[in-house]
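Colleague: Below is one structure. I have some questions about it.
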Amino acid sequence: NAGVTQTPKFRVLKTGQSMTLLCAQDMNHEYMYWYRQDPGMGLRLIHYSVGEGTTAKGEVPDGYNVSRLKKQNFLLGLESAAPSQTSVYFCASSSRTSSSYEQYFGPGTRLTVT
Amino acid sequence: GESVGLHLPTLSVQEGDNSIINCAYSNSASDYFIWYKQESGKGPQFIIDIRSNMDKRQGQRVTVLLNKTVKHLSLQIAATQPGDSAVYFCAENRNQGGKLIFGQGTELSVKP
């Protein structure tokens, strides 16, 4: 099992450009999440999904959109990147049926917006 | 406001000593807590978790203690090793499905 994978690993954008981050998991998890992590801070939830075709806003959703067309994939989009979106982005997944709320994390995508 | 926070942003210990990392939470409705370890350049990795109906849970070299009276959580690492150097996050579930609320993190540095 590869677990949770994220592409790309690094990306540099100019202000106003758009991009999509891809998250894939092979654990058949129902729940998927997108977080951002800024220096010296914890993880902040951007958007999440409790199943295929469903998405919901997290703590910091502005400037981002998501889609969950397939159970194994969760896409995070930036329509018009801003320097404030420079961050490390983590995707995670978890099982609805597990007795634990453990989330499994990907390796992260480091995004710089100039 | 409600938050999960840490008392100390950095902790430096000698190799072989025990480490204690603390975490405070403010939401009494939280029923599940989890500790993650994040090494530089990597995603967080699960260490140990505990439900609110327990006071203590032990793993391999790690113990989590939960004090619901004062809303305090701690992670104890026995015989700390250089490989334990990382940032440690606590997180809580507030009865909101699978969502976790993360604290700021404590950076643990182990001196050889």
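Colleague: Need one number: buried accessible surface between chains A and B, 1.4 Å probe, both sides summed, DNA, RNA and ligands left out, in Å² to 100. Could you put the intermediate results ahead of the total?
Modeller: Numbers: alone 6280 and 6180 Å², together 10920 Å².
Between A and B, the summed buried area is about 1500 Å².
Colleague: Continuing with this model, one more query. Can you classify the stretch A:60-110 as rounded, prolate or oblate using the Cα gyration tensor, where a ≥ b ≥ c are the square roots of its eigenvalues, rounded means a/c under 1.5, and otherwise it's prolate if a/b beats b/c and oblate if not?
Modeller: In terms of gyration-tensor shape, prolate.
Colleague: With the cut-off at 25 Å, tell me which of the pairs B:68/B:99; B:56/B:111; A:70/B:99; A:57/B:68; A:71/B:71; A:57/B:56 have Cα atoms farther apart than that.
Modeller: With Cα atoms farther than 25 Å apart: B:56/B:111; A:57/B:68; A:71/B:71; A:57/B:56.
Colleague: May I ask you to derive the FRET efficiency for residue B:29 and residue B:109 from their Cβ-Cβ distance with R0 = 41 Å, giving the value to the nearest 0.05?
Modeller: E(calc), rounded to 0.05, equals 0.75.
Colleague: FRET efficiency for residue A:57 and residue A:86, Cβ-Cβ distance as r, R0 = 25 Å, nearest 0.05?
Modeller: 0.75
Colleague: Further question on the same structure: Only residues of the stretch B:26-65 count here: report those whose backbone N is under 12 Å from the spot 7 Å along Cα→Cβ of residue B:17, or say none.
Modeller: none
Colleague: For residue B:56 and residue B:76 in one chain, what is 0.36 nm times their gap in residues minus the Cα-Cα distance, to one decimal in nm?
Modeller: 6.1 nm
Colleague: Can you work out the PRE-style zone for residue B:68? Point 7 Å along Cα to Cβ, and I want the residues of the stretch B:14-34 with backbone N under 11 Å.
Modeller: Only B:28-32 fall inside the zone, counting backbone N under 11 Å.
Colleague: To one decimal place, what Kirkwood hydrodynamic radius in Å is obtained for chain B from all pairs of distinct Cα atoms?
Modeller: Evaluated on chain B, it is 14.0 Å.
Colleague: Quick check on the protein assembly as shown: what are the equivalent-ellipsoid semi-axes from the Cα gyration tensor, as sqrt(5λ), descending, whole Å?
Modeller: Each semi-axis is √(5λ); the values are 30, 20, 16 Å.
Colleague: When we measure straight from the Cα of residue B:42, which lysines land under 20 angstrom away, once same-chain ones fewer than 8 places off are left out?
Modeller: Answer for residue B:42, where 20 Å is the Cα cut-off: A:9, listed by chain and number.
Colleague: Continuing with the same structure: Kirkwood hydrodynamic radius, chain A, all distinct C-alpha pairs: what's the number in Å?
Modeller: On the way: mean 1/r = 0.0713 Å⁻¹.
Taking the inverse mean of 1/r over all distinct Cα pairs, chain A comes out at 14.0 Å.
The values are calculated or read from the model by the stated rules, or taken from the named source; none is laboratory data. Please read all numbers here as calculations on a predicted model, not as lab measurements. Cβ: placed from backbone, ideal geometry, glycine included. Neighbour counts: every protein chain shown. Remember, those area values only see protein heavy atoms, side chains included, never the ligands or the DNA or RNA. Shrake-Rupley method; radii C 1.70, N 1.55, O 1.52, S 1.80 Å.
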